[in-house]
Amino acid sequence: MEIAYYGGEFIDINSKVIPIQERGHQFGDGIYEVIRVYNGKLFLVDEHLHRLEKSAEAIFLSLPLSLDELKSLMTEGLSKSQLKEAEVYIQITRGIAPRTHYFPEVPSQLSMTIKAARAIDPTKHKNGISVLLLEDERWKNCFIKSLNLLPNVLAKQKAISSGNDEAIFIKDGLITEGSSSNLFVVKDGILYTAPATNKILHGITRSAVLQLAAKRDIDIKEVEFDVEFLLQADEAFITSTSVEVQPIAKIDQHSLPTPWPITMHLQEDYKKLYIQS
Ligand code: PDD
C-alpha cells in the first residue's frame, strides 16, 4: 500500500492536504530527499539524511525532527506500507504562513510519501540510454537538493520529447551532470566525473560508485571536462537513486563504441552492494 505523511500523521497518499499558504507550494521554499528501499531496508539512509541536513543548513532551515527521528518515522511508514521495493520521498518546507518573501516565524513542515519503486527498464540497463546535451540554466548552488527544479524539469522534458532519456548539462563549456542524475565517463581505463562542487548535486549513488571503483583499483579523476572529451569517451554512464548505474549508448545521436566493461562491472557491484546491505 502506498502511503503519505503530513501534519504529523500518516494519511492516504491521495489526500488533498497541502494548505494554500504552504511555502513549498508557493515558493518551492524547501528541500527534499529520495531514498530507495531494497528488500524492505532503507538503502544508504545515513548518507541521504546527512545530505538533507547539509541542504537545510544551506538555506537556513531548521529540520522539524532530528535525523534519528526522521529515520524512525521512515521505518514506521515503511512497515505500515508493507512495501519491500519502495521509494521514500521526504520534503521539508519553511512552513505555512501568509505569503512574504522573507522568512516567517513558523515551524518547518515535513511531508513524506512511500511508493512502490519504479521498475528499471532492463533493456536500457543493458543496451544503454540516449542523452541530449543542453545548456545548464540552473543557479549557483546545485549541491542543495532544493524543491526548485524548474530548469531540471524543462531539460528533462526537452530530452524526452526529442526521443532521449536524459538531458546532460553543459555550463561554460564544461559538463556538470544530468537533469536528475550524475554523469561518469571512462577513457583509457580511467573513470572521470565532475568534482563535488556547488555546480552539481553530490549524488549518493555517485559516492557509492566512486567507492566501488576504488575497490576495483580503477583510477579515478574528479575533474571538469568538456563536450569534446565526453564525445570521445570509451564509455559513459549516469547514476541516481532511481536508475542506479545506467550506461549511455548515444549522446546527441553520436553512438559510443561498445562494449562497456567498466560500466557493467560497476552496475553489478552496485547491485551486490544493495543486495548485501
Ligand atoms: N535525483 N543530480 C541531480 C540533479 C539529481 O536530481 C539527482 C537525483 C542526482 C543523483 O543523486 P542520488 O544519487 O543521490 O540520487 C544527481 C533524484 C533521484 C530525484 O530527484 O528523484
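From the list VAL223, VAL186, VAL209, pick out the single residue that is of a type outside the set (S, T, N, Q), within 16 Å of the ligand (Cβ to nearest atom) and touching a Phe, Trp or Tyr at 6+ places or on another chain (Cβ under 8 Å).
VAL209
Does at least one position in the stretch 87-106 carry a residue that is in contact with a His (Cβ under 6 Å, 6 or more places away or on another chain) and charged (D, E, K, R)?
no
Tally up the residues in the stretch 237-256 that are within 18 Å of the chain's Cα centre (by Cα) and away from the ligand (no atom under 11 Å from the Cβ), please. Write out each step before concluding.
From the stretch 237-256, those within 18 Å of the chain's Cα centre (by Cα) are 237-248; that's our starting set.
From the residues that got through so far, the ones that are away from the ligand (no atom under 11 Å from the Cβ) too are 237, 246-248.
Number of matching residues: 4.
Within the stretch 19-134, considering only helices (runs of 4 or more DSSP H) that don't extend past its boundaries, which have at least 1 residues that are surrounded by 13 or more Cβ atoms within 10 Å (Cβ to Cβ) and touching a helix residue (DSSP H, G or I) at 6+ places or on another chain (Cβ under 8 Å)?
Output list reads 45-58, 67-81, 122-127.
Whether any residue in the stretch 17-24 is out of contact with any strand residue (DSSP E or B) (no Cβ under 8 Å at 6 or more places or on another chain) and without any contact (Cβ under 8 Å) to a residue 24 or more places away in the chain is what I want to check.
Just the residues of the stretch 17-24 that are out of contact with any strand residue (DSSP E or B) (no Cβ under 8 Å at 6 or more places or on another chain), to begin with: 20.
If we keep only those that are without any contact (Cβ under 8 Å) to a residue 24 or more places away in the chain as well, we get 20.
Yes, the conditions are met somewhere in the stretch 17-24.
Does LEU147 satisfy the criteria of being buried (at least 16 other Cβ atoms within 10 Å of the Cβ), away from the ligand (no atom under 12 Å from the Cβ) and not acidic (Asp, Glu)?
Here the answer is no, as LEU147 does not meet what is asked.
Listed residues SER72, SER146; which is polar (S, T, N, Q) and over 30 Å from ALA194 (Cβ atoms)?
SER72
Return the residues of the stretch 239-257 that are acidic (Asp, Glu) and farther than 17 Å from GLU228 by Cβ; say none if nothing qualifies.
Within the stretch 239-257, the first condition is being acidic (Asp, Glu), and the residues that meet it are 244, 252.
Within the stretch 239-257, GLU244 is the sole residue that qualifies.
Any residue at all in the stretch 142-151 that's small (Gly, Ala, Ser), in contact (Cβ under 8 Å) with a residue 12 or more places away in the chain and in contact with a Leu (Cβ under 8 Å, 6 or more places away or on another chain)? Outline the logic, then answer.
Filtering the stretch 142-151 down to residues small (Gly, Ala, Ser) leaves 146.
Within this subset, residues satisfying the condition of being in contact (Cβ under 8 Å) with a residue 12 or more places away in the chain are 146.
So of that shortlist, the ones also in contact with a Leu (Cβ under 8 Å, 6 or more places away or on another chain) come out as none.
Within the stretch 142-151, none of the residues are small (Gly, Ala, Ser), in contact (Cβ under 8 Å) with a residue 12 or more places away in the chain and in contact with a Leu (Cβ under 8 Å, 6 or more places away or on another chain).
Of all residues in the stretch 150-172, which are touching a helix residue (DSSP H, G or I) at 6+ places or on another chain (Cβ under 7 Å) and more than 13 Å from the ligand (Cβ to nearest atom)?
ASP165, ILE170
Which one of the conditions (1) among the aliphatic types (A, V, I, L, M); (2) in contact with a Phe, Trp or Tyr (Cβ under 6 Å, 6 or more places away or on another chain); (3) within 16 Å of the ligand (Cβ to nearest atom) does VAL37 fail to meet, given that it meets all the rest?
With respect to (1) among the aliphatic types (A, V, I, L, M); (2) in contact with a Phe, Trp or Tyr (Cβ under 6 Å, 6 or more places away or on another chain); (3) within 16 Å of the ligand (Cβ to nearest atom), VAL37 is out only on (2).
What is the residue count in the stretch 77-100 for residues that are more than 17 Å from GLY8 (Cα to Cα) and touching a residue at least 40 places away in the same chain (Cβ under 8 Å)?
The total comes to 9.
Computed from the coordinates by the stated procedures, all read-outs in this text should not be read as laboratory data. This one's a predicted model, so the numbers in the text were calculated from it and none came from an experiment. All Cβ positions, even for glycine, are placed from backbone atoms using ideal geometry, and neighbour counts span all protein chains on display.
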